[in-house]
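Enquirer: Just passing along the structure, written as structure tokens.
Read the figures in this text as sums done on the coordinates, not as results from a lab. Just so we're clear, the structure is a prediction, and the values are computed from it rather than from any experiment. Note that we place each Cβ from the backbone using ideal geometry, even for glycine, and neighbour counts take in every protein chain shown.
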Amino acid sequence: MTKTFKRNKENFTCEHCGNAVTGNGYTNHCPKCLWSKHVDENPGDRNETCGGMMRPKSVVIEKREFIISHECEKCGVKKRNKAAENDDLSTLLSK
Ligand SMILES: [Zn+2]
Ligand SMILES: [Zn+2]
């Protein structure tokens, strides 16, 4: 099995807040509520069959980038995602 990063452009509707998200190929979470969905084994591959909703737990700043920690509500896996430029980080930072 080769593991390559696939850029997968797709639009989706956020299953948490109903926001219509325009995919840019990298963003796998909603810029408004920051919830994600557990669909990737490796970023962009959409190989994960879990499909659970991933709750944004915290935001940390590393090397001047925002990293969002997501936790899957279904299987409990934790993942770290780079925040996108248009993410509404005040949602998390205000907590
Ligand atoms: Zn949302
Ligand atoms: Zn999961």
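Enquirer: Once the Cα gyration tensor of the range 39-95 is diagonalised, what are the square roots of 5 times its eigenvalues, in whole Å and ordered largest first, as equivalent ellipsoid semi-axes?
Expert: 21, 13, 9
Enquirer: With charges only on Cβ, +1 for K and R and -1 for D and E, what is the dipole size of the chain about its Cα centre, in debye, rounded to 20?
Expert: Here the size comes out at about 200 debye.
Enquirer: Assuming a strict under-17 Å limit between Cα atoms, what lysine pair count do you get for the range 10-95 once near-sequence pairs (fewer than 8 apart, same chain) are dropped?
Expert: 14
Enquirer: Right, next: Compute the separation of the alpha-carbon centres of the range 41-64 and the range 73-95 and state it in Å as a whole number.
Expert: 8
Enquirer: Defining a contact as two alpha carbons under 8 Å apart and six or more residues distant in sequence, what relative contact order in percent does the chain show?
Expert: Contact order relative to length: 21 percent.
Enquirer: Specify which residue in the list 58, 22, 70 is farthest towards the positive end of the charge dipole of the range 19-95, using unit charges on the beta carbon of Lys, Arg (+1) and Asp, Glu (-1), about the Cα centre.
Expert: Final value for the positive-end residue is 58.
Enquirer: Still on this structure, I have one more. Once you order the gyration tensor axes a ≥ b ≥ c over the Cα atoms, which shape class does the chain get: rounded for a/c under 1.5, otherwise prolate or oblate by comparing a/b with b/c?
Expert: Judged from the Cα gyration tensor, the chain comes out rounded (a/c under 1.5).
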